[in-house]
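Participant: Sharing a structure with you now.
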Amino acid sequence: MKTVWTAMLIGSSALLIWILIRNKMPLAWLRGFALHLVAAAGVLYVLNYSGLVPGMYIPLNPVTVGTVVVLGVPGIALLAGLQWTVM
């Protein structure tokens, strides 16, 4: 099963690179995505270690950072609400 997932990852990555090269997309979107990624991780880090919200800790992992990258500030509120509801 691990081999199937690895083959799917390699195949989808190759197809994505092929599409990006074929369409000659500018690298501005990549720069914007990287900026959003760094900003989201930074905001989560500051929120966790500043003590602004006592008793709340949102772990820094790909799922939480991806949620904040895609949704922005409402993503932080979503994660905080989800953690408050579950815990």
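The values are calculated or read from the model by the stated rules, or taken from the named source; none is laboratory data. Predicted model, so just to flag it, every value in this text is computed and none were measured. Heads up, the Cβs are rebuilt from the backbone with ideal geometry, glycines too, and the neighbour counts pull from every protein chain shown.
Participant: Consider only pairs whose beta carbons are under 8 Å apart and that are at least six residues apart or on different chains; among these, list those whose first residue lies in segment 19-37 and is within 23 Å of Val65 (Cβ to Cβ) and whose second residue is in a helix (DSSP H, G or I).
Facilitator: Pairs found: Phe33/Val69; His36/Val69; Leu37/Val65; Leu37/Val69.
Participant: Just checking: which of the helices (runs of 4 or more DSSP H) contained wholly in the chain hold 3 or more residues that are surrounded by 14 or more Cβ atoms within 10 Å (Cβ to Cβ)?
Facilitator: Of the helices (runs of 4 or more DSSP H) lying wholly inside the chain, those with at least 3 residues that are surrounded by 14 or more Cβ atoms within 10 Å (Cβ to Cβ) span 28-50, 62-71, 73-86.
Participant: Within segment 29-56, take every residue that is of a type in the set (A, V, I, L, M, F, W, C) and more than 18 Å from the chain's Cα centre (by Cα) and give me the one that is farthest from Met87 (Cα to Cα).
Facilitator: So in segment 29-56, the residues of a type in the set (A, V, I, L, M, F, W, C) come out as 29-30, 33-35, 37-41, 43-44, 46-47, 52-53, 56.
From what's left, more than 18 Å from the chain's Cα centre (by Cα): 52-53, 56.
Numbers: Leu52: 19, Val53: 15, Met56: 10 Å.
Filtering first and then ranking leaves Leu52.
Participant: Taking the conditions exactly as written (out of contact with any Asp or Glu (no Cβ under 9 Å at 6 or more places or on another chain), of a type in the set (A, V, I, L, M, F, W, C) and at pLDDT below 85), does Val69 satisfy them or not?
Facilitator: yes
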